[in-house]
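A short worksheet on the structure shown next.
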Amino acid sequence: MPMQPDRWIRRMALEARMIEPFEEGGARPGVISFGLSSYGYDVRLAGEFKIFTGEGCDRMDPKRVREDAFVDHRGDALDLPPHSFVLGRTVEYFRIPREVLAIGFGKSTYARSGIVVNVTPFEPEWEGHATLGISNTTPRPARIYANEGIAQVIFLQAAEPCEVSYRDKGGRYQAQKAITPPRV
């Protein structure tokens with residue numbers, strides 16, 4: 001019989017350093033949950049942000065995003081302006097094994113507040129802090145909290161390792177340690 005998903009994630013996090021730092025899950029009073037869950041891991045948002053201001057931009061073009069279109073901010077929380085977005089990163093650093101694909105989803109607490117968290121797949125053998133795109137779809141400022149849960153990552157284990165991994169392809173977001181805007 002296969003190992004229970006939460007036991008497998010715990011083992012991979014601790015023995016293979018798949019998630020660092022690793023936290024056991026569970027409810028914490030007054031805190032949006034983070035840590036190990038039944039079938040995944042709830043990641044935390046670090047206290048550093050790149051707020052999109054659009055300075056010098058007449059449109060958002062993922063092939064030509066200017067670094068000066070963002071303003072850096074640090075703090076325990078951020079009030080995201082209406083209909084805007086910010087880039088953040090996970091507290092956790094990931095090392096995805098060659099036989100695993102991870103997929104991130106925004107937490108329902110934020111979704112129910114009109115805050116959309118876009119997390120892309122973590123491909124086999126990708127490693128780094130995940131950069132998160134966070135959008136405020138509401139007509140009012142929306143608060144997001146550092147060092148609390150922001151998204152859940154689900155891990156899918158393949159029967160055998162992939163032929164070509166993210167590392168093999170020399171992916172442009174490999175081993176990122178900071179918030180990384182789009183690169184082409």
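The values are calculated or read from the model by the stated rules, or taken from the named source; none is laboratory data. Note that the structure is predicted; figures quoted are calculated from it, not measured. So basically every Cβ, Gly included, is an ideal-geometry build from the backbone, and we count neighbours across all protein chains shown.
Please enumerate the residues belonging to segment 14-62 that are of a type in the set (A, V, I, L, M, F, W, C), surrounded by 14 or more Cβ atoms within 10 Å (Cβ to Cβ) and without any contact (Cβ under 8 Å) to a residue 40 or more places away in the chain. Walk me through it before giving the result.
Let us first name the residues in segment 14-62 that are of a type in the set (A, V, I, L, M, F, W, C), namely 14, 16, 18-19, 22, 27, 31-32, 34, 36, 43, 45-46, 49, 51-52, 57, 60.
Next, from what is left, pick out any that are surrounded by 14 or more Cβ atoms within 10 Å (Cβ to Cβ): 18-19, 22, 32, 34, 36, 43, 45-46, 49, 51-52, 57.
36, 51, 52, 57 - these are the residues of segment 14-62 that are of a type in the set (A, V, I, L, M, F, W, C), surrounded by 14 or more Cβ atoms within 10 Å (Cβ to Cβ) and without any contact (Cβ under 8 Å) to a residue 40 or more places away in the chain.
For segment 133-159, enumerate the residues that are surrounded by fewer than 15 Cβ atoms within 10 Å (Cβ to Cβ) and either modelled with pLDDT of 95 or more or of a type in the set (Lys, Arg) (or both).
Across segment 133-159, the qualifying residues are 137, 138, 139, 140, 141, 143.
Kindly check whether there is at least one residue in segment 168-177 that is loosely packed, with under 13 Cβ neighbours inside 10 Å and in contact with a Pro (Cβ under 8 Å, 6 or more places away or on another chain).
no
Answer yes if at least one residue in segment 29-46 is modelled with pLDDT of 95 or more, part of a loop (DSSP other than H, G, I, E, B), farther than 18 Å from residue 121 by Cα and within 14 Å of the chain's Cα centre (by Cα), and no otherwise.
Within segment 29-46 (the criterion being modelled with pLDDT of 95 or more, part of a loop (DSSP other than H, G, I, E, B), farther than 18 Å from residue 121 by Cα and within 14 Å of the chain's Cα centre (by Cα)), the answer is yes, since at least one residue qualifies.
Pick from segment 84-103 the residues that are at pLDDT 95 or above and closer than 19 Å to residue 136 by Cβ: which of them is nearest to the chain's Cα centre (by Cα)?
89
Search segment 135-184 for residues being in contact with a strand residue (DSSP E or B) (Cβ under 6 Å, 6 or more places away or on another chain), of a type in the set (Gly, Ala, Ser) and in a loop (DSSP other than H, G, I, E, B), and hand back the single one that is nearest to residue 29 (Cα to Cα).
So, considering only residues that are in contact with a strand residue (DSSP E or B) (Cβ under 6 Å, 6 or more places away or on another chain), of a type in the set (Gly, Ala, Ser) and in a loop (DSSP other than H, G, I, E, B), the one nearest to residue 29 (Cα to Cα) is 146.
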